[in-house]
Amino acid sequence: YRAELVRLIELASALEALPSKSAAQPPTGVQSIAAAPFDGDWNGLVARLRVSGLVRELAQRSELVSHDGDRLKLRVPLKTLLDAGALQKLQTAVSDALGRPMRLAAEVGNTGGPTPASIADQARAERQRQAEESIYADPFVRELIENFGASVDPTSIRPRSDNERNDSDTEKTP
């Protein structure tokens with residue numbers, strides 16, 4: 001798991017170095033929207049951030065340890081997430097999202113609480129569980145298992161994406 005995370009971070013760092021579409025635009029600094037108080041919902045804030053690459057990984061894998069006014073303290077699981085000025089870029093994105101200057105500090109350590117990444121992992125696992133239950137509850141599948149000794153390869157079961165669900169819910173006209 002740790003090796004996969006390190007590889008993901010390396011890839012995110014490489015992506016961060018690539019020029020993006022927004023690189024041609026002048027830096028925005030703090031947006032001119034009304035300053036929004038931070039309510040402590042780190043996961044909600046991360047969902048609103050416009051970041052990618054290593055900065056996105058840093059935000060997704062960070063745990064909010066404390067917040068007080070314009071200061072947020074984060075805990076990150078790996079020091080490599082703090083490489084290449086990622087914390088400074090995250091601070092800028094957080095400031096933009098909240099409409100006022102914010103200060104971020106980070107410590108390296110085991111994240112014990114929920115992070116946006118762990119919440120997303122739990123949601124994926126729940127969708128997978130529901131997909132498996134749906135397959136095993138299907139009358140045709142049950143009949144094949146009971147009458148013909150068929151089996152289901154659990155690794156072949158994938159939850160439907162939101163797009164697939166929406167496509168199947170709408171009637172298709174010829």
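So who's got an amide H within less than 5 Å of the one on residue 65, skipping anything under 5 residues away but keeping other chains? H placed 1.01 Å off N, in plane.
When sequence neighbours closer than 5 places are left aside, the close amide H contacts are 73, 74, 75.
List, in order, the whole-Hz ³J(HN,Hα) value for each residue of the range 60-72 obtained from phi through the Karplus relation with A = 6.51, B = -1.76, C = 1.60 and θ = phi - 60°; use x for Gly and Pro.
Result, ordered by residue: 5, 9, 7, 10, 6, 8, 7, 8, 8, x, 9, 10, 10 Hz.
Whole-Hz ³J(HN,Hα) for each residue in the range 103-109, computed from phi via Karplus 6.51 cos²θ - 1.76 cosθ + 1.60 with θ = phi - 60°, x for glycine and proline: what do you get?
Once rounded to whole Hz, the list reads 10, 10, 10, 9, 10, 9, x.
Full-extension gain between residue 148 and residue 88, please, as 0.36 nm times their residue separation minus the C-alpha to C-alpha distance.
This chain segment gains 15.5 nm when fully extended.
HN-Hα J couplings of the range 141-146 from phi, Karplus 6.51/-1.76/1.60, θ = phi - 60°, integer Hz, Gly and Pro as x?
So the J values, rounded to whole Hz, are 5, 4, 4, 4, 5, 6.
No lab work stands behind these numbers, since they all come straight from the coordinates. This is a predicted model, so every value here is computed, not measured.
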